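Structure, as structure tokens:
The values are calculated or read from the model by the stated rules, or taken from the named source; none is laboratory data. Everything quoted here is computed from the prediction, not taken from an experiment. Note that each Cβ is placed from the backbone with ideal geometry, even for glycine, and that neighbours are counted across all protein chains shown.
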Amino acid sequence: MNGLKVDREKDCPFLLKVYTRNDGFHSIRDFSKGDVPTPDELLLYTWHDATLEEVAHLIEQVTPAAQQPDARIAFRLIYLDTETGLYHYRELGRVAKIAKNSQDADKTLEQCQFMIGDYLDVAIFDGPPPANTRYRDERARVPPRFSAGGGNRRPSLGGMRSRGDRFR
């Protein structure tokens with residue numbers, strides 16, 4: 001990343017649409033055809049340098065489930081692939097109130113390759129994680145543009161990248 005410098009005193013924040021759900025994520029179908037899970041929508045104003053921990057703190061202020069002392073908050077990026085017209089998701093990380101040294105807590109929206117117009121899908125879990133559970137490996141469901149190497153690559157766009165290939 002280019003290390004975007006944001007002056008929060010001078011730069012205007014943008015609107016971030018967040019969709020929360022207790023005990024799991026929304027189905028990607030909930031975001032199809034321009035529909036969104038409106039009853040679960042939070043509208044937050046923030047900057048590209050906001051961390052997942054900062055976003056989690058904003059969610060905690062208005063969502064009772066996230067206020068529990070052992071709450072865990074997991075993030076997914078929901079984005080529209082302009083080449084296919086379909087929504088896809090990518091796991092961003094997890095933030096737990098009891099684990100202050102989470103490796104994902106300091107990720108910024110910029111580092112997560114968030115673009116204005118994307119959504120955050122947030123799963124809020126209460127209580128400690130189940131025993132013998134690892135962070136889920138979603139590679140089997142990840143669209144080809146996230147995979148390393150292989151696949152059908154399009155010719156270079158002369159330094160210009162379309163929105164559909166931002167994760168390649």
What's the total number of residues in segment 24-38 that are loosely packed, with under 10 Cβ neighbours inside 10 Å and either closer than 18 Å to residue 111 by Cβ or at pLDDT 90 or above (or both)?
1
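Are there strands (runs of 3 or more DSSP E) fully within segment 22-126 with at least 3 residues that are charged (D, E, K, R)? List them. Write out each step before concluding.
Details: elements: 41-46, 72-81, 86-96, 119-125.
Output list reads 72-81, 86-96.
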Single residue of segment 78-107 satisfying the filter (of a type in the set (Val, Ile, Thr) and surrounded by 20 or more Cβ atoms within 10 Å (Cβ to Cβ)) that is modelled with the lowest pLDDT
95
Residues that are under 20 Å from residue 20 (Cβ atoms), modelled with pLDDT under 95 and touching a strand residue (DSSP E or B) at 6+ places or on another chain (Cβ under 7 Å): does segment 136-146 have at least one?
yes
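Just wondering, is there one or more residues in segment 59-71 that are out of contact with any Phe, Trp or Tyr (no Cβ under 6 Å at 6 or more places or on another chain), within 16 Å of residue 109 (Cβ to Cβ) and in contact (Cβ under 8 Å) with a residue 40 or more places away in the chain? Explain how you work it out, then say what you get.
Just the residues of segment 59-71 that are out of contact with any Phe, Trp or Tyr (no Cβ under 6 Å at 6 or more places or on another chain), to begin with: 59-71.
Filter once more, so that each one left must be within 16 Å of residue 109 (Cβ to Cβ): 59.
Narrowing the set further to residues that are in contact (Cβ under 8 Å) with a residue 40 or more places away in the chain leaves 59.
Checked segment 59-71: at least one residue is out of contact with any Phe, Trp or Tyr (no Cβ under 6 Å at 6 or more places or on another chain), within 16 Å of residue 109 (Cβ to Cβ) and in contact (Cβ under 8 Å) with a residue 40 or more places away in the chain.
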